[in-house]
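Single-structure report; data block below.
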Amino acid sequence: MKLAAARKSLLHLPALPKTGRISGLRHFSGEIDDTQKPLPPPPTSFAVPEIVSLLKTTDHNDWISNSQLVEFIYSPPSPTSLLKITRQLGSTEKALQFFEFFKTHSSSSSSNPSSLSFTFQAILEQAMHEEKSDVPGKLFQLFSFAKDRKIPLSINAATLLMRCFGRAKMLEESISVYNELDSDSRNTNVVNLLLDCLFRGVNIDDGFKVLDEMLKRDSDFPPNNSTVDIVLDAMWKRNWVGRRMSVEEICGLLVRFFEHGVFLDDVWFTKLITKFCRSRKCDKAWDLLHDMMKLGGQVKASSFNALLSGLGREHDFQKMNLLMNEMKEKEVNPDVVTFGIFINHLCKCCRVDEALQVFEKMGRSETDGVLVKPDVVLYNTLIDGLCKVGKQEEGLKLMEKMRLENGHVPNTITYNCLIDGFCKAGEIERSLELFDQMKKDRVVPNVITMNTLLHGMCKFGRVSSAMRFFAEMQEKGLKGNVITYTVLITTFCSVNNIDRAMSLFNEMSENRCLPDAKVYYSLIMGLCQARRTDDASCIASKAKEAGIGLDIICYNALIGALCRKNKIDEAHKMLKDMEEAGIKPDCYTYNTLISYFSEKGQFTTASRIMKRMIDDGFLPNVVTYGALIHAYCLAGNLDEAMKIFQNLSSAINVPPNTVIYNILIDTLCKSDKVEAAISLLGEMKDKGVRPNTKTYNALFKGLQERNWVEKAFEIMDQMTENACNPDYITMEVLTPWLSDIGETEKLRSFVEGYEVSTSTA
């Protein structure tokens, strides 16, 4: 039969008298379906074992000559007897021979078609158990045999065939079996099998048409639990190629099942609620849960817990409270997981005080008939929450309460939470005390414990202690992971101890611990800062070989380092690599290149790069113009530098900063234009740009050259008013100058109350 014709027939489901809902898809049992009419008992004069023995020991050509067998088939035998006899003949060949013998010589074979149906059913059973390979193919041959001889299928035979063909995704054959089944024999279970076959065969549209017929209010084949299992299983396994159901469509479909009194079991319902919540459809999960309860379905704690988790992720504590109250109203007892979810999400939102209130409520729940005893996980959640908001002392007390009042032994997670809390608070000694207590309690530390302590020590400058601790842990067999090495390498890079960082990087590779992006980035940045450009480029190449792409910050650091080393060709190559990796230059990249070419006096190239910068959507900023002004000043072109400066606030609308003012003031003073430099100092005050020590030092040098003592005193007073500390350069300029002119008292009062900085300007 062609598939199109088969579809046309199957989608018209003939009406049946309603016989009540069947709770579940019946697996093939070999017994006669209980929806069939009662059959008369077999004649007592013929024992089934006796007939089976005769059939097995007598050649099938001689059966007609055996009076006992002839008498048996003329008795006539009941369909039940025929079913039992055929099952016991031992082979499909023997069963078929008996079938032909009975059909040819028994008058009841035509008067009672069910006799042939049940005999054929037994043949199918025999073939299914006997065949070692291509069971569907053999069964289809037998089905064609029955179809050619117009043998009606029993419901069990049809079920067996449809299930076998469905598993083999033989869709047309399954539909053909369904169409051959007498309409009066069809029931919900048979239609379920058809539905399963359609979904397995990826015939989604026809499957939904069948399902739609089942879900009608006056359906002759109302759905049962197996129906919803088939639908959800197909949906979950993504069998619906070409059809993607929205959450709204799924909810609407399930409500139609609920209206038929078919509800989801706890496993399916919890899975769906979880899936909806993870898809950020908590509102739909909420509606579905309430629809199921409203229509009479029972919802268990696990489904409530799934919805509570979703609401917690959205920080919707109002609905979480409502749901907890509904659990109480519906007499659904919350379990430790329920309270754990609530407390966990409160802690994540730093609402630890509320979490503690919920925790205390657990202990008083006995008055409501519910007693939920907190477990170690719940205690750990609260302890972690307390430590994250800086209440590690309260967390420590809670650990003791857990131990003394509830008999729970703190585990590794408990100690890790507390150690992390004290480390973040800078109380490294307390963290180490907890680590010692952990060992006394025979709680085994893990790599997280080690990493937490290492990070705390490194963060608060105890790098040597961290390295000793790491060595001790390694001796005890606790090997570091990528996080361990990342903490240590990043720390050594930050203190410019690149050799130690490289040593740890090599050790990491030797221990077969694959570096992550952060390790590579830290090393590249550290090496660039230390001006070890070749090593930085080497690490960048290793990162690419490991499949880790560099980010814009690393590329900028490398390009800047190469420019500082005058390796402009390599800088261009790095820029090209960056663009090929799909990373566009940013403002920092352009400023680095503009600064380099400006300092080299290649202003045409710098201007060309600035034009490209603007074309790419980046407006030149104060750093860009500062680089140009500095370069023109270095080149002795003060007029061009002042021209750019004048345009900053007027035409370009980029307010100059202290750095730009310092460059210009220093250059003006060196060019003996001290008055213009002093004027710029006044402009800084008017525009709210704060001068620093470097500003004043440049002016003092210019005033010294002019021996302009009165103005120097004014500048010293301004410096004092602005609480700007003099440094050693200030003293190098002022001390000999003022001493020579007998103004040491003025110098003494100037530096009085200040701690002269020894740092370079």
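The values are calculated or read from the model by the stated rules, or taken from the named source; none is laboratory data. This is a predicted model, so every value here is computed, not measured. All Cβ positions, glycine included, derive from the backbone under ideal geometry; neighbour counts span all protein chains shown.
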### Message
Condition first: among the hydroxyl-bearing types (Ser, Thr, Tyr), under 55 Å from the mean Cα position of the chain (by Cα) and modelled with pLDDT under 90. Can you find one or more residues in segment 34-55 that meet it?
### Response
yes
### Query
From the list Phe118, Phe140, which residue is touching a Pro at 6+ places or on another chain (Cβ under 9 Å), touching a residue at least 12 places away in the same chain (Cβ under 8 Å), not in a loop (DSSP other than H, G, I, E, B) and not small (Gly, Ala, Ser)?
Phe118
### Query
So is Ala561 more than 37 Å from the chain's Cα centre (by Cα), assigned to a helix (DSSP H, G or I) and hydrophobic (A, V, I, L, M, F, W, C) or not?
yes
### Filter pass, Val447 being farther than 24 Å from Lys544 by Cα and touching a Pro at 6+ places or on another chain (Cβ under 7 Å)
no
### Query
Does at least one position in segment 660-674 carry a residue that is small (Gly, Ala, Ser), on the phi < 0 side of the Ramachandran plot and assigned to a helix (DSSP H, G or I)?
no
### Given (1) on the phi < 0 side of the Ramachandran plot; (2) out of contact with any Lys or Arg (no Cβ under 9 Å at 6 or more places or on another chain); (3) in a loop (DSSP other than H, G, I, E, B), index of the condition Thr589 fails
(3)
### Query
Given the conditions (1) surrounded by fewer than 18 Cβ atoms within 10 Å (Cβ to Cβ); (2) in the same structural domain as Gln298 (by TED's automatic domain parsing); (3) not acidic (Asp, Glu), and given that Lys216 satisfies all but one, which numbered condition is not satisfied?
(2)
#### Entry: Per-region count, segment 397-423, residues surrounded by fewer than 18 Cβ atoms within 10 Å (Cβ to Cβ) and of a type outside the set (Asp, Glu)
9
### Query
Would you say Leu89 is buried (at least 18 other Cβ atoms within 10 Å of the Cβ), modelled with pLDDT of 90 or more and not in a helix (DSSP H, G or I)?
yes
### Task
Would you check if Ser65 is surrounded by fewer than 17 Cβ atoms within 10 Å (Cβ to Cβ), of a type outside the set (Asp, Glu) and closer than 26 Å to Ile155 by Cα?
no
### Message
Yes or no: segment 705-728 includes at least one residue that is among the small types (Gly, Ala, Ser), buried (at least 20 other Cβ atoms within 10 Å of the Cβ) and over 26 Å from Val622 (Cα atoms).
### Response
yes
### Query
Listed residues Ser109, Ser133, Ser53; which is among the small types (Gly, Ala, Ser), free of Cβ contacts under 8 Å to residues at least 24 places away in the same chain and under 24 Å from Ser174 (Cα atoms)?
Ser133
### Task
Only residues that are crowded, with 24+ Cβ neighbours inside 10 Å and either closer than 23 Å to Pro223 by Cβ or of a type in the set (A, V, I, L, M) (or both): list them for segment 157-177, please.
Ala157, Ala158, Thr159, Leu161, Met162, Phe165, Ser174, Ile175, Val177
### Task
Answer yes if at least one residue in segment 461-483 is of a type in the set (Ser, Thr, Tyr) and surrounded by fewer than 15 Cβ atoms within 10 Å (Cβ to Cβ), and no otherwise.
yes
### Task
Scan the helices (runs of 4 or more DSSP H) fully inside segment 383-466 and keep the ones with 1 or more residues being in contact with a Gly (Cβ under 8 Å, 6 or more places away or on another chain) and more than 18 Å from Phe359 (Cα to Cα).
412-424, 428-440, 447-459
### Entirely in segment 143-224, the helices (runs of 4 or more DSSP H) that have 1 or more residues that are touching a residue at least 40 places away in the same chain (Cβ under 8 Å) and closer than 24 Å to Thr92 by Cβ
155-167, 171-180, 188-200
### Query
Here are some residues: Phe257, Phe269. Which one is closer than 19 Å to Leu195 by Cα, touching a Ser or Thr at 6+ places or on another chain (Cβ under 8 Å), part of a helix (DSSP H, G or I) and in the same structural domain as Gln298 (by TED's automatic domain parsing)?
Phe257
### Query
Before we move on, is Phe221 crowded, with 21+ Cβ neighbours inside 10 Å, among the aromatic types (Phe, Trp, Tyr), in the same structural domain as Val336 (by TED's automatic domain parsing) and at pLDDT below 95?
no
### Summary
For segment 457-481, pairs from a residue that is within 15 Å of Ser431 (Cα to Cα) to a residue that is part of a helix (DSSP H, G or I) and among the small types (Gly, Ala, Ser), with Cβ under 9 Å and 6 or more apart or across chains, are Met457/Ser431; Met457/Ser464; Met457/Ser465; Met457/Ala466; Cys458/Ala466; Cys458/Ser494; Arg462/Gly456; Ala466/Gly456
## Note on the structure
Among residues of segment 276-286 being more than 18 Å from Thr338 (Cα to Cα) and buried (at least 17 other Cβ atoms within 10 Å of the Cβ), the residue farthest from the chain's Cα centre (by Cα) is Lys284
### Message
Condition first: of a type in the set (Val, Ile, Thr) and within 27 Å of Asn722 (Cβ to Cβ). Can you find one or more residues in segment 600-621 that meet it?
### Response
no
### Summary
Counting only residues in segment 505-521 that are in a helix (DSSP H, G or I) and under 26 Å from the mean Cα position of the chain (by Cα), the one farthest from Ser464 (Cα to Cα) is identified as Ala517
### Task
Please work out if Met502 is closer than 21 Å to Leu527 by Cα and either outside any helix (DSSP H, G or I) or among the aliphatic types (A, V, I, L, M) (or both).
yes
### Task
Give the residue, chosen from Thr693, Thr624, that is touching an Asp or Glu at 6+ places or on another chain (Cβ under 6 Å) and either under 18 Å from Cys587 (Cα atoms) or in the same structural domain as Asn722 (by TED's automatic domain parsing) (or both).
Thr693
### Query
Is there a residue in segment 615-632 that is more than 21 Å from Tyr661 (Cα to Cα), outside any loop (DSSP other than H, G, I, E, B) and not basic (Lys, Arg)?
yes
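Matching residues to (1) in contact with a Gly (Cβ under 8 Å, 6 or more places away or on another chain); (2) on the phi < 0 side of the Ramachandran plot; (3) in a helix (DSSP H, G or I); (4) among the aromatic types (Phe, Trp, Tyr):
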{"site": "Gly688", "(1), (2), (3), (4)": "no, no, no, no"}
{"site": "Lys694", "(1), (2), (3), (4)": "no, yes, yes, no"}
{"site": "Asn697", "(1), (2), (3), (4)": "no, yes, yes, no"}
{"site": "Gly702", "(1), (2), (3), (4)": "no, yes, yes, no"}
{"site": "Lys711", "(1), (2), (3), (4)": "no, yes, yes, no"}
{"site": "Asp717", "(1), (2), (3), (4)": "no, yes, yes, no"}
{"site": "Asn725", "(1), (2), (3), (4)": "no, yes, no, no"}
#### Entry: Members of segment 113-148 that are aliphatic (A, V, I, L, M) and closer than 24 Å to Pro77 by Cβ
Leu116, Ala122, Ile123, Leu124, Ala127, Met128, Leu142, Ala146
#### Entry: Selection status of Asn653, more than 23 Å from Val733 (Cβ to Cβ) and surrounded by fewer than 14 Cβ atoms within 10 Å (Cβ to Cβ)
yes
